[in-house]
Amino acid sequence: MAYEITGAPLHHRLELDGRERLTVSGVEDVARFDETCIVMSTCVGELVVTGEGLHIGKLTLDGGELHVDGHIDSISYEEPAAGRTSLLSRLFG
């Protein structure tokens with residue numbers, strides 16, 4: 001007997017506590033991170049967190065949850081670059 005496990009669709013939520021603790025849900029992947037910047041893919045697009053002394057305290061990709069500690073300066077969503085197309089789409093599109 002075969003079983004198929006399907007996850008529930010991810011919901012996106014941000015919770016910021018005093019610019020020192022951030023919880024993000026709906027995280028699909030972390031593209032890069034260091035002490036000043038964390039770039040992640042969420043179910044609604046790319047999210048960039050900047051600050052000082054940033055540290056990923058907990059990352060659960062199964063549940064899509066990420067916890068960040070440190071001094072948070074900004075949280076922003078990055079839109080795909082307008083007009084940026086692949087070489088193949090320019091040649092054959």
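Values quoted throughout were computed directly from the atomic coordinates according to the rules given, and no laboratory measurement underlies them. On a predicted model such as this, the values are computed, not experimentally measured, just so you know. Note: ideal-geometry Cβ built from the backbone for every residue, glycine included; neighbour counts use all protein chains shown.
The table below gives the values:
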{"quantity": "Estimated vicinal HN-Hα couplings, Hz - the range 30-45 in sequence order (Karplus 6.51, -1.76, 1.60; Gly, Pro = x)", "calculated": "10, 6, 6, 7, 8, 6, 10, 7, 10, 10, 9, 9, 10, 5, 10, x"}
{"quantity": "Nearest-20 debye value, the range 13-79 charge dipole, Cβ charges on Lys, Arg, Asp, Glu", "calculated": "140 debye"}
{"quantity": "Charge dipole (the range 13-79, unit charges on Cβ, about Cα centre) - positive-most of L47, H67, F33", "calculated": "H67"}
{"quantity": "Prolate/oblate/rounded call for the range 24-83, Cα gyration tensor, a/c under 1.5 rounded", "calculated": "oblate"}
